[in-house]
Amino acid sequence: MNHPLTPATALMLVVPPLLWAGNAVVGRLVNAMVPPITLNFLRWAIALLILAPMAGWVFRAGSGMWQHWRRFAILGLLGVGMYNALQYLALQSSTPINVTLVAASMPVWMLLIGWMFFGAGVSRRQVAGALLSVAGVLIVLSHGEWRQLVSMRLVPGDLYMVLATIVWSVYSWLLTGRKEPEAIRGNWAAFLLAQVTFGVMWSGAFAAAEWATGPRHIAWGWPLAAALLYVAAGPAIIAFRCWGAGVQRVGPNIAAFFNNLTPLFAALMSSAFLGELPHAYHAAAFVMIVGGIVLSSRRG
């Protein structure tokens, strides 16, 4: 049963988008220090080390993780191995503001993928909201100039982020309608660790392929170490915990609106740390994306 939205719960649900916006900004700051796919691998390897003392028992034979290894391997591939790697790839050529605005269209992709592959119903109101949100994303991709769409002058990073949102949408739908092993069910640290265990394997293989394609370098130092600790502990673990607890209290429909604070936080952080000021088309896109999601979420 969902509870009313209290100030404490609202604060809890503000923490994840704040940390996710920071993840985008940090990914942009360190793009010259470490290759993007390697950054993703290092991030989750550190997260695994942090999670292991909390739920290391999932490695035991009777925990259920190994019996359901195919499920956790797929979740780890999509949620850990692919989504974050694509986001860091996007930040090589796109800005945190663009990346987070494109990611704000994720509920639209969830709607489409649920209808196409998971038998979910779609209402006319949801279709109208989806079209409005997609228009907002197109504004971002065209940088406020529709002629760019006609000539296909798109930033590669924006396209990487569109692909990332599709990957995350598939991942999210795979989380529904399935019961986890009894020992893991309801334990956020154990559930995350089971996914991260396989995700680190995937991301490690992707990082090895990245290094095999050409010369790479890592600028080791305190700035990179601090960035790695932040993206591993903050967006990966703390945000996941706060989001899960908030959703349990008020339900996913209300919690979903807090996710759209991410572009706002990213714009403020980009201005403060990167000198990348938002433009008028960013504000217009944000209004359209949020408006579309609100329209889609309303009951007729």
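Quick notes on this structure:
- Packing-based order for 116-127, 225-236, using average beta carbon neighbours within 10 Å, highest first: 225-236, 116-127
- Straightening the chain between LEU11 and LEU277 buys 93.1 nm, computed as 0.36 nm per residue apart minus the Cα-Cα spacing.
- For Rg/Rh (Cα atoms, Kirkwood Rh), calculated from these coordinates, the label among [x] 1.16; [y] 0.99; [z] 0.96: [z]
- Span-like helix ranges in the chain, DSSP H, alpha carbon extent 24 angstrom or more, Kyte mean at least 0.0: 7-29, 36-55, 124-141, 156-174, 188-212, 280-297
- Between the stretch 185-201 and the stretch 30-68, the alpha-carbon center distance in angstrom: 8 Å
- Lys, Arg +1 and Asp, Glu -1 on Cβ, resulting dipole of the chain about Cα centre, debye, nearest 20: 620 debye
- Spin-label model distance (nm) - LEU29 vs THR213, 7 Å beyond Cα toward Cβ: 2.6 nm
- Applying 1/(1 + (r/R0)^6) with R0 = 35 Å to the Cβ-Cβ distance of ILE74 and TRP220 gives a FRET efficiency near 0.60.
- Site pair ALA205 and THR176 shows an inter-label distance of 2.9 nm when each label is modelled 7 Å from Cα along Cα→Cβ.
Every read-out reported here was derived from the displayed coordinates using simple, explicitly stated rules and does not represent laboratory data. Everything numeric in this text was worked out from a predicted model, so none of it was measured. In this analysis, Cβ positions are derived from the backbone assuming ideal geometry, glycine residues included, and neighbour counts consider all displayed protein chains.
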